[in-house]
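Each value in this text was obtained by applying a stated rule to the coordinates, not by laboratory testing. As the structure is a prediction and not an experimental result, all values here were calculated from the model. FYI the Cβ positions are ideal-geometry reconstructions off the backbone, even for glycines, and counts take in every protein chain you see.
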Amino acid sequence: MRLDEFLTRVRDRGEYRDDDEAEQVSRAVLWVIASRVAPEEAARLATDLPAPLDDALRLERGRPESFDREEFLRRVARQTGARPRTAQWDAGAVLSTLAEAVPREHVDRLLTRLPTGSAELFGEPPADPR
């Protein structure tokens, strides 16, 4: 997916003013993802994204950190300067677009590495609690 198409989708879903705001939010969400997954996984995902969004995943972070969905959203909020509820909206706009931009197997692999409950942020139904 081209950068302009990715940002247009994020902008529309997140109801942002312009592509600059959509890019800022996208980079923030991807940066948090990169801190949660192994560097190799982040680099693999980056190959499917247009520049400069791929850079947010390629930053050297060392070992992946383990944190839950709530902390994931807090970190997105910290990166964007938003409230946690807004961060959920932001993450959903970016991650649902990401799910369309990368191969399905990459999304599935990423979901196994993200906190429980993250599938909803990708626009998927919540996991069955049974």
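Data overview
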{"item": "Coordinate range along principal axes, alpha carbons of the chain, Å, largest first", "result": "39, 29, 26"}
{"item": "Net charge of neighbours whose Cβ lies under 15 Å from the Cβ of P39, counting Lys and Arg as +1 and Asp and Glu as -1", "result": "+1"}
{"item": "Cα gyration tensor shape for segment 39-87, rounded if a/c is under 1.5, else prolate or oblate", "result": "oblate"}
{"item": "Neighbourhood net charge (11 Å Cβ-Cβ; Lys/Arg +1, Asp/Glu -1) for A22", "result": "-4"}
{"item": "Ranked by how many other beta carbons lie within 10 Å on average, peptides 19-31, 39-51, 89-101 from highest", "result": "89-101, 19-31, 39-51"}
{"item": "Dipole in debye (nearest 20) - segment 55-105, about Cα centre, beta carbon charges: Lys, Arg +1; Asp, Glu -1", "result": "200 debye"}
